[in-house]
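What follows is a short report on a single structure.
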Amino acid sequence: MDYAQTIKYLYEQLPVFTRVGASAYKEDLTNTIELCKRLGDPQHKFKSVHVGGTNGKGSTSHMLAAILQVAGYKTGLYTSPHLVDFRERIRINGQMISQQQVIDFVAEHQKDFEDIKPSFFEMTVGLAFDIFAKEEVDIAIIEVGLGGRLDSTNIIMPLLSVITNIGWDHMNILGDTLQLIAAEKAGIIKQGIPVVIGEYQAEVADIFLRKAAKEETELVFASDEFEVKGERLKVKGEISELLDVEIENKNFQPSTFNLQLDLTGSYQLKNIKTVLAAVQELRKQGFTITDGHLQTALRQVKTLTGLHGRWEVLNTHPLTICDTGHNPEGIKEVLKNIAATPFEHLHFVIGMVNDKDISKVLNILPIDATYYFCRPDIPRGLEAETLKQNAESFGLQGEVYPSVKAALLSAQKNAGKNDLVFVGGSTFVVAEVVNQDLTD
């Protein structure tokens, strides 16, 4: 099989969560353990950092990878889902693995897939671990796919576990209270392995503290370690690509220093605390990461790692921005960024998936915007007409479009020169508008 045929095989043979939803989620680690056993247990052949949480784990993972890269370490990065090309999920020093590596892995282990019948995600985890072991990375940043306790990535023994925060997402799988969701996320905390929790949240903090005590390990809340102030830079009235950040470290002198981030959403002010707390722990474990490494890396995370879709400017005339935030907490952060952006009228291109409670999101969206309802091009995509009907019950007005592209083109055509076009509601909507050069 060539690359296109290989990817088609994977999508057709293996249940893919991003496409079909909960039916592809396996509630134990049996398949992953068996697949990795046949691969020679590659997960034990490289050092790693495990990153979970509801929001911010992707940005946090990419920032950590960029920092380690700049510090001179051969760095693997495993994230999900991808936006355009499957290979975005597995990178070494920012470069996607080759098409040939995917082809060879599937060809060599096709019989194993047919025996074990893993999910698409389980297979992808096996591929990532196999590549990182063979390429002898110095360290790999491994992002949790869904939850934590039963996530396929949870067979690693990392140097550090990181949990960014807890919010409402995947309640049909993880539980319908924040405490239940937190307990699943806390499942990545392991015996004697230090833990960084990004945000102190009173309603779930005890769950992490109790789990850390049970596992006899140290835990820090990054939000207690650092104070962060940030201001978006403006150049000639247009949004620049850098966010100015002032950091105050509560425990060390000198206590303040400055950074510039090329990831410009205001929510990065939360994520940077998590990143710095993780770096603090890695330094304790012997990694040489200077403040200069931090400053150099964080100015160019997108260039170093290929990250897209986080408060990303797609066009300036009219100003068009996309963001992958899709659960209530993520959308709240998006709305903060929208509120901080000067515009006369908001044109909101929105699509969602059909297996989530969308009411919490629709309830907080601005009613004075014009909405362009569309369906992301995946089997889980919520029909645009259904989305419109639900939105109307919350006072949101707009029209239905046959595709994400058609909705965006209409929004840009209707927008005045001082208006803002925003594209979001689902990672899969953003995937259809982000234009990337992903050649091999």
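The values are calculated or read from the model by the stated rules, or taken from the named source; none is laboratory data. Given the structure is predicted, the values throughout are model-derived calculations rather than measurements. We place every Cβ from the backbone using ideal geometry, glycine too, and count neighbours over all the protein chains shown. Note: accessible area is taken over every heavy atom of the protein model, side chains too, but ligands, DNA and RNA are not part of it. Shrake-Rupley method; radii C 1.70, N 1.55, O 1.52, S 1.80 Å.
The table for this structure:
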| quantity | calculated |
| --- | --- |
| Residue satisfying all of: in the range 180-204; open to solvent by less than 30 Å² (accessible area, probe 1.4 Å) and touching a strand residue (DSSP E or B) at 6+ places or on another chain (Cβ under 6 Å); nearest to THR153 (Cα to Cα) among these | ILE188 |
| Number of the exception - MET352 against (1) within 30 Å of MET96 (Cβ to Cβ); (2) touching a helix residue (DSSP H, G or I) at 6+ places or on another chain (Cβ under 9 Å); (3) surrounded by fewer than 16 Cβ atoms within 10 Å (Cβ to Cβ) | (3) |
| Any pair with Cβ under 9 angstrom, 6 or more apart, that starts in the range 366-380 at a residue that is free of Cβ contacts under 8 Å to residues at least 24 places away in the same chain and ends at one that is part of a loop (DSSP other than H, G, I, E, B) | ASP368/HIS345 |
| Options THR324, THR274: the member that is of a type in the set (S, T, N, Q), open to solvent by less than 50 Å² (accessible area, probe 1.4 Å) and either over 17 Å from VAL430 (Cβ atoms) or part of a strand (DSSP E or B) (or both) | THR274 |
| TYR401 closer than 23 Å to LYS332 by Cβ and hydroxyl-bearing (Ser, Thr, Tyr) | no |
| Among (1) part of a helix (DSSP H, G or I); (2) without any contact (Cβ under 8 Å) to a residue 60 or more places away in the chain; (3) closer than 19 Å to ASN327 by Cα; (4) open to solvent by 50 Å² or more (accessible area, probe 1.4 Å), the one test that LYS360 misses | (2) |
| Residues of the range 395-431 classified as part of a helix (DSSP H, G or I), among the charged types (D, E, K, R) and closer than 13 Å to HIS345 by Cβ, total | 0 |
| Those residues of the range 137-167 which are surrounded by fewer than 20 Cβ atoms within 10 Å (Cβ to Cβ) and in contact with a Lys or Arg (Cβ under 7 Å, 6 or more places away or on another chain), in sequence order | ASP138, MET157, LEU159 |
| Cβ-Cβ under 6 Å pairs, at least 6 apart or on other chains, the range 152-163 side modelled with pLDDT of 95 or more, far side aromatic (Phe, Trp, Tyr) and open to solvent by less than 10 Å² (accessible area, probe 1.4 Å) | none |
| Cβ pairs under 6 Å, 6+ apart, first in the range 250-265 and of a type in the set (Gly, Ala, Ser), second modelled with pLDDT of 75 or more and surrounded by 11 or more Cβ atoms within 10 Å (Cβ to Cβ) | SER255/GLU248; SER255/ASN249; GLY265/ARG310; GLY265/TRP311; GLY265/ASN337 |
| Every residue from the range 363-391 that is open to solvent by less than 40 Å² (accessible area, probe 1.4 Å) and under 23 Å from the mean Cα position of the chain (by Cα) | LEU365, CYS374, PRO376, ILE378, ARG380, GLY381, LEU382 |
| Entirely in the range 27-145, the strands (runs of 3 or more DSSP E) that have 2 or more residues that are closer than 16 Å to LEU304 by Cα, at pLDDT 95 or above and out of contact with any Pro (no Cβ under 8 Å at 6 or more places or on another chain) | 75-78, 90-92, 139-143 |
| Residue within the range 339-350 that is in contact with a Pro (Cβ under 7 Å, 6 or more places away or on another chain) and not in a helix (DSSP H, G or I) present | yes |
